[in-house]
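Here the structure comes first, spelled out in structure tokens, and everything after it is commentary.
Please treat every number below as a calculation from the coordinates, not as lab data. In this text, all values refer to a predicted model and were calculated from it rather than measured experimentally. Methodologically, a virtual Cβ is constructed for each residue, glycine included, from the backbone with ideal geometry; neighbour enumeration extends over all protein chains shown.
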Amino acid sequence: MGRVRVHQHVNPLSPYYRRSPEPIDIENVFADPERPLLLDIGSARGRFLLRMAEAEPAWNYIGVEIREPLVEEANRLAAEQGSTNLHYAFCNAMLWLDRLLDGIPPGVLQSVTIQFPDPWFKKRHAKRRMVNQEMVDTIAEHLAPTGRVFVQTDIEFLAEEMFALFRADERFAEFSTDANPFPVKTEREKAVEDKDLPVYRTMFLVQG
Ligand SMILES: C[S@@+](CC[C@H](N)C(=O)[O-])C[C@H]1O[C@@H](n2cnc3c(N)ncnc32)[C@H](O)[C@@H]1O
């Protein structure tokens with residue numbers, strides 16, 4: 001089966017994407033819900049997690065994506081791969097991440113990745129950007145005390161905007177890194193590196 005065709009962007013503020021998702025029931029979606037959980041926000045076609053689920057099988061993985069057909073395709077690929085530690089959720093993460101994570105027991109969410117989110121370049125579209133104060137709050141509230149957030153993008157102004165939100169929050173401490181700590185690169189990361197463009201990365205740890 002070919003790759004599903006989708007719009008390049010959807011407007012996260014349109015009525016369709018304002019509807020709230022059901023919280024994820026990790027007891028239902030994972031074979032072993034007690035494993036540490038990695039959440040990838042803006043997972044697109046889900047290839048990063050498909051490969052992570054095989055490379056580091058001791059973890060559980062949730063991908064969150066606003067383009068619904070990509071979520072369906074990624075869940076189909078995960079089932080074909082036989083993964084029991086991987087699930088993708090259709091969710092507008094700039095509005096509803098808190099609702100999606102409601103019910104995930106404390107201490108389970110160990111890692112969050114935000115990788116190459118859409119920049120929405122125009123000033124009048126700034127409100128459509130995925131990483132906002134609510135998202136940072138939600139992550140801080142759900143992340144385990146040993147948790148970490150990895151953020152990367154090739155768009156410098158967006159990197160500064162996202163990093164500033166986490167830096168301003170005293171629940172996080174920055175651990176600067178030029179390297180990607182994961183054994184798998186996202187599709188966008190590979191495309192950017194093929195063009196020899198810079199990538200802006202950093203990591204935030206939960207402040208002890
Ligand atoms: C440029 S792509 C990068 C995808 C992938 N992380 C990578 O690095 O290859 C950004 C992804 O974030 C998704 N996205 C943008 N806004 C979102 C939102 N509010 N909630 C969930 N996903 C969103 C887009 O649909 C798109 O799939």
- Query: What is the Cα radius of gyration of region 1-119 over 2.2 N^0.38 Å, N being its residue count?
  - Reply: 1.01
- At a Förster radius of 22 Å, what calculated FRET efficiency corresponds to the Cβ-Cβ distance of GLN133 and ARG167, to the nearest 0.05? 0.95
- Task: May I ask you to compute the full-extension gain from TYR16 to GLU54, defined as 0.36 nm times their residue separation minus their alpha-carbon distance, rounded to one decimal in nm?
- Result: 10.3 nm
- Query: Quick one: length gained pulling GLU141 to PHE121 fully straight, 0.36 nm per residue minus the C-alpha distance?
  - Reply: 4.3 nm
- For the chain, what log10 I(q)/I(0) values come out of the Debye formula at q = 0.08 1/Å, with one point per alpha carbon and no solvent? -0.25
- Note on the structure: Filtering the chain for DSSP H helices with an axial alpha carbon extent of at least 27 Å and a Kyte-Doolittle mean of at least -1.0 returns none
- Task: Compute the length gained on full extension between SER176 and ASP102: take 0.36 nm times their separation in residues and subtract their Cα-Cα distance, giving the result in nm to one decimal.
- Result: 23.7 nm
- Note on the structure: Counting only residues 5 or more apart in sequence or on a different chain, those whose built amide H sits under 5 Å from that of ASN60 are LEU37, LEU38
- Under 26 Å Cα-Cα from LYS122, which lysines qualify once same-chain neighbours fewer than 8 residues away are excluded? LYS190, LYS195
- Item | Amide H contacts under 5 Å for PHE172, placed H, 5+ residues apart | GLN207
- Amide H contacts under 5 Å for THR113, restricted to residues at least 5 apart in sequence or on another chain and with H modeled in the peptide plane, are LEU39, ASP40, ILE41, PHE150
- Note on the structure: Ranked by GNM mean-square fluctuation in the chain (Cα springs under 10 Å), the top entry among GLN110, GLN152, GLN81 is GLN81
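What is region 1-62 by shape, rounded, prolate or oblate, if you read a ≥ b ≥ c off the alpha carbon gyration tensor as root eigenvalues and call it rounded for a/c under 1.5, prolate for a/b larger than b/c, and oblate otherwise?
Taking the square roots of the gyration eigenvalues as a ≥ b ≥ c, region 1-62 is oblate.
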- Message: As a test of the formula, what do you get for the chain when each DSSP H run with n ≥ 4 contributes -39,500 (n - 2.57) and the sum is divided by the residue count, at 222 nm and rounded to the nearest 500 deg cm²/dmol?
- Response: -9000 deg cm²/dmol
